[in-house]
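The values are calculated or read from the model by the stated rules, or taken from the named source; none is laboratory data. From a predicted model like this one, the values you see are computed outputs, not experimental measurements. Neighbour counts run over all protein chains shown; Cβ positions are idealised from the backbone, glycine included. Just the protein is used for accessible areas: all its heavy atoms, side chains included, with ligands, DNA and RNA removed. Shrake-Rupley method; radii C 1.70, N 1.55, O 1.52, S 1.80 Å.
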Amino acid sequence: KILLVCFLVMMDTPVWSQKQLPADQEIPLKYGADRLGKRSDAAMQKFRDNRLGAFIHWGLYAIPGGEWNGKVYNGAAEWLKSWAKVPSDEWMKLMDQWNPQNFDARAWAKMARQMGVKYVKITTKHHEGFCLWPSKYTKYTVTNTPYKRDILGELVKAYNDEGIDVHFYFSVMDWSHPDYRYDIKSKEDEEAFSRFLEFTDNQLKELATRYPTVKDFWFDGTWDASIKKNGWWTAHVEKMLKDLVPGVTINSRLRADDYGKRHFDSNGHLMGDYESGYERRLPDPVKDLKVTRWDWEACMTVPENQWGYHKDWTLSYVKTPLEVLERIVHAVSMGGNMVVNFGPQPDGDFRPEEKQLAESIGRWMKKYGECIYGCDYSGWEKQAWGYYTRKGKDVYMVVFNPPYSKHLVVKTPVGTEIVKAVTVNGGKDVKITETARNEYNVDMPDKDPGEPFVIKLETKEKTSETDKYRDALT
Ligand SMILES: C[C@@H]1O/C(=N\OC(=O)Nc2ccccc2)[C@@H](O)[C@H](O)[C@@H]1O
């Protein structure tokens, strides 16, 4: 069994092809999943109920915005140092230009509230190693820039004042640190990386103690062999943070088990509190229903692949607000969260396209958000017209594709019947016609809302099993 597991690990079996071994065949793990099944405490329920979040990717990379020495790179702007092969000491000189005069934490928080996001994930430190907080463990921080101020502290306060939870993105991989190693191939590597892990522990303790209202740590930059060979450390970090911040949630991307398996351990159990593998992609609403068994959070970019600020968004397709909205609903319909990314400009303001997106999503959420917040997977069979979400006995129909038939086909699970249907943001009764056992036609609203709309179905358990329908004998 151990050999099988080692083989799987060596093949670095992708997260999404998890097979769980029968319980009696599981192998012993010291650094595997700490818990089976979803967390059921209030802090996790709040994480889940929030459903819609925003990502903020902001760092030195915003200054060049994808261009270096006159050449524009179309790769992700926050990776420009890598694309342009810029040595770290040259890259960190960007700190001398870090002076976002238009930065206004309260304006950012107001924009987030108006968009309807319930939490914001902020890049405390991305791969480049520049810290948005005054860390005392490195010179590469906001303190040593013309701007000086604790940007992270101002954002935590401003978002929290708006009732918005704050999550910390933290990249373990740190291109600025001389002791970082991609792999451990010598005693020297081992000693250097041990110093690096202590440095990282210190920064994480600093973040957890300076900003105790933090609700989540979203780890990134954990795919290298050096981390996979130190699964013990990833388990230690999760425990350390949960001791420092009771209730805090931790993403699966932090964890590697005894054999270097990431996200799901060698027995197929999810590590951390929610799966964080759906980056710029979503599980299929029919074929990937396995994800409804655990908590998960997806994140997405508005261009095809730009997290940090890139000066030229014409280089790839930019999603419309409707396309962003559909991804949000798709995630919630499968029991997941969605985090929409924003890459602030070097001056501390947002580009017009992002402001318009936030306004557009916010207008929709104001009218229909009850089908998102506190909602979950319905367990109903996906239909072509859109997505279902569920809250208790209420099932929401979120319609993106109105049919020519003017009827929305609904198939309820055996034993469930629809009592009534009303439009959300209108409260108008909607006619439902039973067409077969557990099948209904739900009428379209008389007037085309001109936007994705929502119908709330009130359901109840079927009272009698006998009905007028007979299945074909075939
Ligand atoms: C949210 C994104 O997260 C990242 N990477 O996530 C990955 O999943 N990276 C990856 C994916 C497949 C293989 C190896 C690494 C970062 O590199 C990127 O700049 C951004 O912060």
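Mind checking which residues of the range 61-88 are in contact (Cβ under 8 Å) with a residue 60 or more places away in the chain, in a loop (DSSP other than H, G, I, E, B) and within 14 Å of the ligand (Cβ to nearest atom)? Matches in the range 61-88: Gly66, Gly75, Ala76.
Looking only at the range 194-209, decide whether some residue is out of contact with any Ser or Thr (no Cβ under 7 Å at 6 or more places or on another chain), within 16 Å of the ligand (Cβ to nearest atom) and closer than 28 Å to Arg35 by Cβ.
Taking the range 194-209 and keeping what is out of contact with any Ser or Thr (no Cβ under 7 Å at 6 or more places or on another chain), we get 194-202, 204-205, 208-209.
Now drop any that are not within 16 Å of the ligand (Cβ to nearest atom), which leaves none.
Within the range 194-209, not a single residue is out of contact with any Ser or Thr (no Cβ under 7 Å at 6 or more places or on another chain), within 16 Å of the ligand (Cβ to nearest atom) and closer than 28 Å to Arg35 by Cβ.
Of the residues Asp104, Asp49, Asp96, which single one is under 30 Å from Gly335 (Cβ atoms) and either over 28 Å from the mean Cα position of the chain (by Cα) or open to solvent by 10 Å² or more (accessible area, probe 1.4 Å) (or both)? Answer to the check: Asp49. Suppose the filter is open to solvent by less than 10 Å² (accessible area, probe 1.4 Å), within 16 Å of the ligand (Cβ to nearest atom) and over 22 Å from Pro212 (Cα atoms); does His127 pass it? Criteria met by His127. The single residue among Ile151, Ile184, Ile164 that is open to solvent by 20 Å² or more (accessible area, probe 1.4 Å) and among the hydrophobic types (A, V, I, L, M, F, W, C) turns out to be Ile184.
Screening Trp58, Trp91 for residues that are in contact with an Asp or Glu (Cβ under 9 Å, 6 or more places away or on another chain), within 16 Å of the ligand (Cβ to nearest atom) and not β-branched (Val, Ile, Thr) leaves exactly one candidate, Trp91.
Every residue, every condition in (1) over 19 Å from Val329 (Cα atoms); (2) without any contact (Cβ under 8 Å) to a residue 40 or more places away in the chain; (3) open to solvent by less than 30 Å² (accessible area, probe 1.4 Å), yes or no:
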{"residue": "Lys391", "(1), (2), (3)": "no, yes, no"}
{"residue": "Lys428", "(1), (2), (3)": "yes, yes, no"}
{"residue": "Lys431", "(1), (2), (3)": "yes, yes, no"}
{"residue": "Glu434", "(1), (2), (3)": "yes, yes, no"}
{"residue": "Glu461", "(1), (2), (3)": "yes, no, no"}
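Residues in the range 292-321 that are within 16 Å of the ligand (Cβ to nearest atom), under 14 Å from Asn337 (Cα atoms) and not aromatic (Phe, Trp, Tyr): 4 in all.
Selection of the range 227-252 for residues being surrounded by 23 or more Cβ atoms within 10 Å (Cβ to Cβ), within 16 Å of the ligand (Cβ to nearest atom), not β-branched (Val, Ile, Thr) and not in a strand (DSSP E or B) yields only Ser252.
Is it the case, given these coordinates, that Asp295 is buried (at least 22 other Cβ atoms within 10 Å of the Cβ) and at pLDDT 95 or above? For Asp295, the condition - buried (at least 22 other Cβ atoms within 10 Å of the Cβ) and at pLDDT 95 or above - is met.
Taking the range 328-357 as the region of interest, how many residues are closer than 20 Å to Lys391 by Cβ and either open to solvent by 10 Å² or more (accessible area, probe 1.4 Å) or in a helix (DSSP H, G or I) (or both)? If you could, list the steps in order and put the result at the bottom.
Pass one, the range 328-357, residues closer than 20 Å to Lys391 by Cβ: 328-338.
Okay, now just the ones that are also either open to solvent by 10 Å² or more (accessible area, probe 1.4 Å) or in a helix (DSSP H, G or I) (or both), so 328-333.
Counting residues in the range 328-357 that are closer than 20 Å to Lys391 by Cβ and either open to solvent by 10 Å² or more (accessible area, probe 1.4 Å) or in a helix (DSSP H, G or I) (or both) gives 6.
Would you point out the residue of the range 265-276, among those that are within 16 Å of the ligand (Cβ to nearest atom) and in a strand (DSSP E or B), that is nearest to Gly221 (Cα to Cα)?
Residues of the range 265-276 that are within 16 Å of the ligand (Cβ to nearest atom), as a first pass: 271-272, 274-276.
Pick out the ones that are also in a strand (DSSP E or B) and you get 274-275.
Values: Tyr274: 17, Glu275: 15 Å.
Of everything passing the filter in the range 265-276, Glu275 is nearest to Gly221 (Cα to Cα).
Looking at Gly260, is it in contact (Cβ under 8 Å) with a residue 60 or more places away in the chain, under 14 Å from the mean Cα position of the chain (by Cα), assigned to a loop (DSSP other than H, G, I, E, B) and within 16 Å of the ligand (Cβ to nearest atom)? So Gly260 fails the test.
Of all residues in the range 420-438, count the ones that are closer than 22 Å to Gly369 by Cα and either in a loop (DSSP other than H, G, I, E, B) or not hydroxyl-bearing (Ser, Thr, Tyr) (or both).
Applying the first criterion (closer than 22 Å to Gly369 by Cα) to the range 420-438 yields 420-430.
Okay, now just the ones that are also either in a loop (DSSP other than H, G, I, E, B) or not hydroxyl-bearing (Ser, Thr, Tyr) (or both), so 420-422, 424-430.
Matching residues across the range 420-438 total 10.
In the range 55-74, the residue that is nearest to Ser276 (Cα to Cα) out of those that are open to solvent by 10 Å² or more (accessible area, probe 1.4 Å) and hydrophobic (A, V, I, L, M, F, W, C) is Ile63. Considering (1) free of Cβ contacts under 8 Å to residues at least 60 places away in the same chain; (2) open to solvent by 10 Å² or more (accessible area, probe 1.4 Å), the lone condition that Val324 does not fulfil carries the number (2).
If you take the residues of the range 210-226 that are among the aromatic types (Phe, Trp, Tyr) and within 16 Å of the ligand (Cβ to nearest atom), which of them is nearest to the chain's Cα centre (by Cα)?
From the range 210-226, those among the aromatic types (Phe, Trp, Tyr) are 211, 217-219, 223; that's our starting set.
With within 16 Å of the ligand (Cβ to nearest atom) added as a condition, the list becomes 217-219, 223.
Values: Phe217: 11, Trp218: 9, Phe219: 11, Trp223: 17 Å.
The qualifying residue nearest to the chain's Cα centre (by Cα) is Trp218.
For the range 280-291, the candidate set comprises residues that are away from the ligand (no atom under 16 Å from the Cβ) and of a type in the set (A, V, I, L, M); within that set, the residue that is most open to solvent (accessible area, probe 1.4 Å) is Val286.
In the condition set (1) among the aliphatic types (A, V, I, L, M); (2) part of a loop (DSSP other than H, G, I, E, B); (3) more than 24 Å from the chain's Cα centre (by Cα), Ala192 is compliant with all but (2).
Within the range 277-289, residues that are in a loop (DSSP other than H, G, I, E, B) sit with their Cβ atoms under 8 Å from residues that are open to solvent by less than 40 Å² (accessible area, probe 1.4 Å) and of a type in the set (D, E, K, R), at 6+ positions apart or across chains, in these pairs: Gly277/Arg253; Tyr278/Glu297. Considering only residues that are in contact (Cβ under 8 Å) with a residue 40 or more places away in the chain, of a type in the set (S, T, N, Q) and either more than 16 Å from the ligand (Cβ to nearest atom) or assigned to a loop (DSSP other than H, G, I, E, B) (or both), which ones fall in the range 130-174? Those that are in contact (Cβ under 8 Å) with a residue 40 or more places away in the chain, of a type in the set (S, T, N, Q) and either more than 16 Å from the ligand (Cβ to nearest atom) or assigned to a loop (DSSP other than H, G, I, E, B) (or both): Ser135, Thr138, Asn144, Thr145, Asn160.
On the stretch given as the range 369-383, residues that are of a type outside the set (S, T, N, Q), open to solvent by less than 60 Å² (accessible area, probe 1.4 Å) and under 21 Å from the mean Cα position of the chain (by Cα) total 8.
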